[in-house]
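Here is the structure we will look at.
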Amino acid sequence: MSELLDLARSVAADAVEHVRALRPRGRVGVAGTKSSPTDLVTAIDRSCEELIRARILAARPDDAFVGEEGQDVAGTSGVEWIVDPIDGTVNFVYGIPRYAVSIAARRDGVDEIGVVVNIATGEAYEATAGGGAWRVDGNERTRLTGPPAAPVDQMLVATGFNYVPSVREHQAAAVGRMLPHVRDIRRIGAAALDLTDLAEGRLDAYVEQGLKPWDHAAGALIAREAGLVVTGPGGVPDERLVVAAPAASVEEFLALVERCRF
Ligand code: LIP
């Protein structure tokens, strides 16, 4: 486990350096679009993923690799890396300092390690299964324990919207139904950082639909190891729904999510 964590840490640090070195001042040029005209990709998303894939597979050639921007690589070792080179690409393009490199590794389908680094601010987070969640600041490590329990009507909830207009319309209606029943909503634009903010106690709960595994794999392990419940349909977070909240209030929050018809 520590070998995987050490590798993820050093690769994440290289990715941060790579993106910072290449990011121009002002807006970043767009190289293409994906699921819709607003689903952007930049040349830096792609080169960053290539760097991460090359570094990881050079160190562990028998592992599998799944990344947002590139070709998946099958493996024979039982270890699979799930990577988002820049989570929060729209923030990255606009220069909003909320975009992150997100690296997770699973062994035989079980989450083992997760590393998330905010590329703009340098805030670094990590977790190992059973080893807790930490904010790492040089040699300083701070254990994360999530937010204090709060009644749902006092919760600050983060969420997000898909790039496909019809899906966004449905999501906006669900968030509109939820708004009168919680403290407030935050739309920060990067699922990995929504989950690390939750682990930090900067939010009380999170709900989003339409996420891909690379958006939430590392952040979900960090949130879980900070004591939060991260769940979805049948108890497993997936593209249909990701919900995260403290154990003491997750059932009440899930009931609200259902009532709001997410
Ligand atoms: C983003 C997610 C965010 C979601 C956006 C997008 P990307 O990932 O982190 O939570 O609301 O629609 O999916 O595209 O920046 O990697």
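The values are calculated or read from the model by the stated rules, or taken from the named source; none is laboratory data. Keep in mind that this is a model prediction, so the values were computed, not measured. Every residue, glycine among them, receives a Cβ derived from its backbone with ideal geometry; neighbour counts consider all protein chains shown. With ligands, DNA and RNA removed, areas are computed over all heavy atoms of the protein, side chains included. Shrake-Rupley method; radii C 1.70, N 1.55, O 1.52, S 1.80 Å.
Phi angles across the range 248-262 convert, under the Karplus curve 6.51 cos²θ - 1.76 cosθ + 1.60 with θ = phi - 60°, into 3J(HN,Hα) values of 5, 10, 5, 5, 5, 5, 4, 5, 5, 4, 5, 4, 7, 6, 5 Hz, Gly and Pro given as x. Between the residues Trp214, Ala192, Ala173, the greatest Cα displacement towards the positive end of the dipole of the range 138-262, with unit charges on the Cβ of Lys, Arg, Asp and Glu, is found for Ala173. Here the range 117-259 is treated as a Stokes sphere of Kirkwood radius computed over C-alpha pairs; at 20 °C and 1.002 mPa s its diffusion coefficient rounds to 142 µm²/s. Seen against the Cα atoms of the chain and their longest principal axis, helix 43-59 is set at about 70 degrees.
Legend: P(r) of the range 149-217 from all alpha carbon pair distances, 10 Å bins from 0, whole percents, reading 20, 52, 26, 1.
State to the nearest 20 debye the size of the charge dipole of the chain about its Cα centre, where the only charges are +1 on K and R beta carbons and -1 on D and E beta carbons. Walk me through the numbers before you get to the answer.
Values: 27 positive and 38 negative charges, 151 e Å.
Value, rounded to 20: 720 debye.
Note on the chain: Rg/Rh from C-alpha atoms, Kirkwood Rh, equals 0.95.
How many percent of the accessible area of the chain is carbon or sulfur, using a 1.4 Å probe? Can you show the working numbers first?
Working: 5790 of 11170 Å².
With neighbouring chains kept in place, the figure for the chain is 52 percent.
Here the range 64-222 carries DSSP beta bridges of which approximately 75% are antiparallel, counting only pairs with both residues inside. Ordering Val136, Val157, Val79 by the projection of their Cα atoms onto the charge dipole of the range 66-177, which places +1 on the Cβ of Lys and Arg and -1 on the Cβ of Asp and Glu, puts Val157 at the extreme positive end.
Couplings 3J(HN,Hα) of the range 103-117, computed from phi: 10, 10, 10, 10, 10, 6, x, 9, 4, 10, 9, x, 10, 10, 10 Hz, in residue order, whole Hz [Karplus 6.51 cos²θ - 1.76 cosθ + 1.60, θ = phi - 60°; x for Gly and Pro]. Rounded to the nearest 20 debye, the dipole size of the range 41-106 about its Cα centre is 180 debye, using +1 on the Cβ of Lys and Arg and -1 on the Cβ of Asp and Glu. Taken per residue, the accessible surface of the range 155-253 reaches 36 Å², heavy atoms only and a 1.4 Å probe.
Karplus-derived 3J(HN,Hα) values for the range 34-41, using 6.51 cos²θ - 1.76 cosθ + 1.60 with θ = phi - 60°, are 10, 5, 6, x, 9, 8, 8, 9 Hz; glycine and proline are entered as x. Here the range 209-243 and the range 103-127 have alpha carbon centers that stand 13 Å from each other. Taking Cα atoms only, the orientation of helix 165-178 departs from the longest principal axis of the chain by about 50 degrees.
Remark on Ile188: its backbone amide H falls under 5 Å from those of Thr159, a criterion applied only to residues 5 or more positions apart or on other chains, H modelled at 1.01 Å from N. Rolling a 1.4 Å probe across the protein heavy atoms gives the range 42-88 an accessible surface of 39 Å² per residue.
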